[in-house]
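To start, the structure under review is shown below, and the notes come after it.
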């Protein structure tokens, strides 16, 4: 018997506090729609700050009604560090994977895809949209969440609240980026970069201008070596042959 059939056979009970949280969520979404509609292209970053705060509050409310998520997939360390080199079939928790590696070294084994059974799949984190972040994207995320909230009820499955929380998190990230101070250089890669006064119009980012100059520099041009920290040793190769005699 599937878990859904077993739950239906035993009966369904509304989680504690869900009716109040659902009413609170709908109230926040209603005011959010009005706030987003009042924004316009070229609005000052400070005008996005109230929307960002409201979206974060709505996201926290929706996340409280959704099943708990884990960023690592680990029951012991759900919010721990992620392992960037986790082998196939392992979890993403860096702490647990380091313990496994140490245990396997003592046994003389090497990690492989079949060494460990795959962990039970868990919901990992909340989605973060990719840039560029625009007002149209923000309105689209808020519209999708508002339309999806019309079908919510106290007996809705947990996946429905997960979708609402995911959509609100995308909208929150977008609004947060739009609320940051505008970039005077117009560079999407380095938003806070200073302006290079010698750069041509439209290429004012001092980092991108410096990168372009280095690419155009002759190979024989001397280049300043990066500064090293105290206690470190720098290995220098000979750039010129030692004179004879």
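Some notes on this structure:
- Whichever residue in segment 155-188 is outside any helix (DSSP H, G or I) and in contact with a helix residue (DSSP H, G or I) (Cβ under 7 Å, 6 or more places away or on another chain) and, among such residues, is modelled with the highest pLDDT: 179
- Candidate set: segment 47-66, residues that are surrounded by fewer than 18 Cβ atoms within 10 Å (Cβ to Cβ) and modelled with pLDDT of 90 or more; chosen: the one farthest from residue 18 (Cα to Cα): 47
- Residue match in segment 45-61 (condition: closer than 26 Å to residue 175 by Cα and part of a loop (DSSP other than H, G, I, E, B)): no
The values are calculated or read from the model by the stated rules, or taken from the named source; none is laboratory data. All of these numbers come straight from a predicted model, not from anything done at the bench. Glycine gets a Cβ as well: all are built from the backbone with ideal geometry, and neighbour counts include every protein chain shown.
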